[in-house]
Amino acid sequence: MRMGFNLQLEQSQKLIMTPQLQQAIQILQFNSLELEKYINEQLEKNPVLEANVEKERQDVSDRKTEEDKIKEINWKEYIEDFNNYEYTKGSYYNEENEFNYENIVSRESTLQEYLLFQYHLTLLDRKYFVIGEYIINSLDDRGYLMATVEEIADYFKEEKYIVESILQIIQTFDPPGVGARTLEECLLLQLRSLEIKDEKIYKLIAEYLPEIASNKYPYIAKKLGVSIGQIQQYCDFIKTLEPKPGRRFTSNQNRYITPDVVVKKIGNEYTILTNDYNGPRLTIRDDYKRMMTSSDENSDVVKFLNEQFNSAAWLIKSIEQRKQTIYKVAEVIIKKQMAFFEKGKKYLRPMTLKEIADEIEVHESTVSRATNGKYIETPLGIFELKYFFSSGVEGNEGIGISSESIKSFIQDIINEEDPKKPLSDDKVVNKLKIKGINISRRTVAKYRDEMGILASSKRKRY
């Protein structure tokens, strides 16, 4: 075996990702809120950049107008009227229908804070307060107790019956069902809070909860010796109970979507607007332009400014390029999905990234970045841009039908079924064939599961 050093020439192609190219790709991926945050960061880093001041001047003008209005207020009269405000729990208005800011809280309380407030109103011995606080802080977001009574008793070196007694007090608090250890206990606590007297419904929850989930009403009716209709009524009532009593304390935070593209129908045409009004418009500062032209070309100041100018110019160009790319993508989507915009979700046709990429002459990855995590506001509602890209099947007339359209048809078929004789997946397949949609039973079952629709055996009403 011969070993040694040698020289060899070979050709190869490599894609070099320059910092500018990486920045352009990153900007394209941003949604409008992320882009606004990124622009503000660049304004802090690059001294030659500045935001367009027209909007700021308007804001200053508006503030001056407000200040002038405030100066005109008769404060003596205002203070006298202040005493006439009616403070009613939950009321945001006084008797003159003026907004009452005193009844507005800055944030909603957490489940633990809400329970601790109730707990501190009890007449328990002070030495047991710490145990109750520990129990309350051991509840998860659902309102369920995650620690066992034995673990809590061992931790505080107390008898188990004391911990159990404190837990039972907490279980009487609002929201009903809080402090439960299992789903069965949670539902039973809610029955007690409602003062339900029927023992059969207690037994139904304690012993037949899995059968209720499986819709095995005939089996339960036979075991309890009542009619199927009565069991149906019991189960309908049980389904109105809250399985996660702490949920309302975690789901009250509204999440807002800022669309990156807005589509409006004006006459018979659709107009596209890119949402760039949230972020500031970038320009290059005039004082640095003058400094650049008046200073020596070889000075360190000019070299520094030259780098900052190049960076600023590339940033502005990348933002404009992002805007144009998203606009072109939205334009082609509207053209190819015109039936959807005119007639609704059932007319959404299959579409791929490659179709859009070929139309606007860019790579598929560019279209993917331009649509990922971005939303479009249409007359039909707000949709993620990726919503319009879906697989599908070919109908009888050779026209493609998207999976979203098929789901819409399945939903309509199930909405129209007889609840006492729900349609099986095979029957849904046959009804879709009548509409010119040929798919298998497995595909129907898959789409049904994705939409959260139960199987026919679990949808049956008695």
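Numbers for the structure displayed
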quantity	calculated
Selection from segment 424-444 of residues that are touching a residue at least 12 places away in the same chain (Cβ under 8 Å), part of a loop (DSSP other than H, G, I, E, B), surrounded by fewer than 18 Cβ atoms within 10 Å (Cβ to Cβ) and out of contact with any Gly (no Cβ under 9 Å at 6 or more places or on another chain)	S424
Boolean, A180 is open to solvent by less than 50 Å² (accessible area, probe 1.4 Å) and without any contact (Cβ under 8 Å) to a residue 24 or more places away in the chain	no
Condition met for A24 (more than 22 Å from S365 (Cβ to Cβ), of a type in the set (G, A, S) and at pLDDT 75 or above)	no
Subset tally (residues that are within 24 Å of Q29 (Cβ to Cβ) and open to solvent by 80 Å² or more (accessible area, probe 1.4 Å)) for segment 281-302	1
Some residue of segment 303-318 being within 27 Å of the chain's Cα centre (by Cα), buried (at least 17 other Cβ atoms within 10 Å of the Cβ) and within 30 Å of E377 (Cβ to Cβ)	no
Enumeration of residues in segment 178-195 that are part of a loop (DSSP other than H, G, I, E, B) and within 17 Å of L209 (Cβ to Cβ)	A180, R181, T182
Single residue of segment 329-347 satisfying the filter (within 26 Å of the chain's Cα centre (by Cα) and either among the small types (G, A, S) or not in a helix (DSSP H, G or I) (or both)) that is surrounded by the fewest Cβ atoms within 10 Å (Cβ to Cβ)	G344
Leading residue by the ranking (least open to solvent (accessible area, probe 1.4 Å)) among those in segment 142-164 that are of a type in the set (G, A, S) and without any contact (Cβ under 8 Å) to a residue 40 or more places away in the chain	A153
Total residues in segment 219-252, condition within 23 Å of S457 (Cα to Cα), free of Cβ contacts under 8 Å to residues at least 40 places away in the same chain and open to solvent by 30 Å² or more (accessible area, probe 1.4 Å)	12
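The values are calculated or read from the model by the stated rules, or taken from the named source; none is laboratory data. This is a predicted model, so every value here is computed, not measured. Here the Cβ is made from the backbone with ideal geometry for all residues, glycine too, and neighbour counts use every protein chain on show. Side chains included, ligands, DNA and RNA excluded: accessible areas come from the protein's heavy atoms. Shrake-Rupley method; radii C 1.70, N 1.55, O 1.52, S 1.80 Å.
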